[in-house]
1. For the pairs K116/K139; K69/K151; K70/K339; K116/K148; K151/K339, note any where the Cα-Cα span goes beyond 21 Å.
2. Principal axes first, then extents: for the Cα atoms of the chain, list largest minus smallest coordinate on each axis, whole Å, largest first.
3. I need the trypsin sites (Lys or Arg not before Pro) found in the stretch 163-245, filtered to DSSP loop residues with at most 13 other beta carbons within 10 Å of theirs.
4. If the cut-off is a Cα-Cα distance under 15 Å, which aspartates and glutamates reach K232, setting aside same-chain residues fewer than 8 apart in sequence?
5. Can you check how the C-alpha radius of gyration of the stretch 148-253 compares to 2.2 N^0.38 Å, as a plain ratio?
6. Enumerate by residue number the GluC sites (Glu not before Pro) in the stretch 186-279 meeting two conditions: DSSP loop (anything except H, G, I, E, B), and at most 10 other Cβ atoms within 10 Å of the site's Cβ.
7. Using all alpha carbons of the stretch 77-203, what is the percent of pairwise distances in each 10 Å bin, ordered from the shortest bin to the longest?
8. Just subtract the alpha-carbon distance of E233 and H94 from 0.36 nm times their residue separation and send over the number in nm, one decimal.
Amino acid sequence: LAQAHFGVFEVHPTSRESCEAMASRTGRTVLAAIVGAAYGSLRGGDVSERRASSLLTNTGAVHGPFTLKKQFDLQRPPSDEFDVVEVADAFLTHSCANYVSDGSTVFSRDGSLVLKVASQCSGGGCMNSGRVMSRDSFKYGLFVFSAKVPKCNYVWPAIWLLPGNTHGEGSYGRWPCSGEIDILETVHDHNFATFNLIGGYGSEGGCATEAGTLCNGCVPEYCVSTTYNESKEATADRYFIEDVDCSADGTHAWREHTFVLSWQPGELVTWVDPTLTYDSEGRLTSVTPASPPEGAGNIATWRYYQRESTPTWQAVGDYMQQCFPGQAADDAPFDDGFKIVLNIAVGGYGGAPCLWGTEA
């Protein structure tokens, strides 16, 4: 494990949060984090209270005020705030990650939560890595993270939200029926992160138009409906972070950046390095997007999804209305409690040399 300095992002004197990550030049990958806080709008009341109006302005800003609802205390052992997940990635994202809880891949250090790709599995075929899920769940609000994210070596780090448990079992069934919110996903040498919404519905014929909807809670068959677009030309789900140097002399990590998610009924927004403004009482009052840095091209520093203009979100509507009448809101499945997930996958995506069970 290479020596590294992990800074701390101070929101205001009583609210500390940071989420940092790095990849060492030894070829091992490390993620250290002080996870960001959850905020609720005073105009909307509690974090879980619904509000129909959009907070987003035409310039990509949102305005509060927001008050702090949850702050993670990472001076304590990770298991106090998080479930340290033990699961093989073989049937999740099919990456080479084998998530373990033996203390080598998830631990606290200097007030930070550290996730690490620590070693090769016994017998080969996978890498022991770290994954955690918050014990608390959240419904709507504003989330702030400061992160130094690992890059190169075909890693696939993520900061995301998932209902229920590792299998995404929520009010509307198993993954993907109960939804997934990807605040940040990035792989290898990409200079951008993707912001994705994932939903789904039960179906005996996959996503074929004639397949229809099946009220089976996505078990065993389902259709995945996602905003993610694999095309190299697509940019709607991407926001620019910084260029990456994966050479032997490269840093193998992005610099520390601040990531913010606003989750309101019918609308989700993510920013990188926005301006955060506070009032005299320490309440967060606004989030304003940063200007794209040089080299960003046509990729912005923020992205948003509103249900009324997102077909893949609308596509799960029939399932929700037919299978959960009177329960599912218009913005389902994103109308329920979700938990924060941090993990480092290795490979498992198109073009990566490593898939579960391979020797790459």
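Any read-out appearing in this document is the output of simple, stated calculations on the displayed coordinates, not a laboratory observation. Keep in mind that what you see is a predicted model, and the values were worked out from it rather than measured. Cβ atoms come from the backbone with ideal geometry, glycine included; neighbour counts cover every protein chain shown.
1. Values: K116/K139 29 Å; K69/K151 32 Å; K70/K339 13 Å; K116/K148 13 Å; K151/K339 24 Å.
Long pairs (Cα-Cα over 21 Å): K116/K139; K69/K151; K151/K339.
2. 54, 53, 42
3. K232
4. Hits, sequence-local ones excluded: D189.
5. Details: Rg = 16.7 Å, N = 106, 2.2 N^0.38 = 12.9 Å.
In units of the 2.2 N^0.38 Å rule of thumb, it is 1.29.
6. On the way: sites: E204, E210, E221, E230, E233, E242, E256, E267; in loops: E204, E221, E230, E233, E242, E256.
Hits after loop and neighbour filter: E230, E233.
7. 11, 39, 39, 10, 0
8. On the way: separation 139, 0.36 × 139 = 50.04 nm, distance 2.51 nm.
Length gained between E233 and H94: 47.5 nm.
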